[in-house]
1. Which of the residues spanning region 64-75 are assigned to a loop (DSSP other than H, G, I, E, B) and either farther than 18 Å from PHE41 by Cβ or without any contact (Cβ under 8 Å) to a residue 24 or more places away in the chain (or both)?
2. For region 1-33, what are the residues that are assigned to a loop (DSSP other than H, G, I, E, B), farther than 18 Å from LYS82 by Cα and modelled with pLDDT of 95 or more?
3. Check whether at least one residue in region 34-47 is surrounded by 15 or more Cβ atoms within 10 Å (Cβ to Cβ) and either assigned to a helix (DSSP H, G or I) or modelled with pLDDT under 95 (or both), and report yes or no.
4. Regarding ASP51, is this residue assigned to a helix (DSSP H, G or I), of a type in the set (D, E, K, R) and surrounded by 13 or more Cβ atoms within 10 Å (Cβ to Cβ)?
5. Report the residue count in region 61-77 for those that are touching a strand residue (DSSP E or B) at 6+ places or on another chain (Cβ under 9 Å) and exposed (fewer than 11 other Cβ atoms within 10 Å of the Cβ).
Amino acid sequence: MMTPSAVIEEKKIVEIFKTDVSTISDANSIIKKLRMHFPSFRINFDLNDCDKILRLEAKSDIEIDKIVKIVKNLNFKIELVK
């Protein structure tokens, strides 16, 4: 039997972005670049979604401005979904 103090809940932060990324190759390039800056984040795209969703999951705060800047510097559109 587990005591309440034995259960540790992990903080999880998720941010969703709308992009104009359309190919798996471009998505992989963006993920590779983002992982250079944020190696502990879980990062993926849903290119089947009409908004070409970029999803980031982290155990700490996600620097939205830095994510946007990195993706825009790769010549893609990106905006936070609220």
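1. Matches in region 64-75: ASN75 only.
2. VAL21, SER22, THR23
3. Scanning region 34-47 turns up at least one residue that is surrounded by 15 or more Cβ atoms within 10 Å (Cβ to Cβ) and either assigned to a helix (DSSP H, G or I) or modelled with pLDDT under 95 (or both).
4. no
5. Qualifying residue count, region 61-77: 1.
The values are calculated or read from the model by the stated rules, or taken from the named source; none is laboratory data. Because the structure is predicted, anything quoted here is derived from the model rather than measured. Cβ coordinates were reconstructed from backbone atoms using ideal geometry, including for glycine residues, and neighbour counts include every protein chain displayed.
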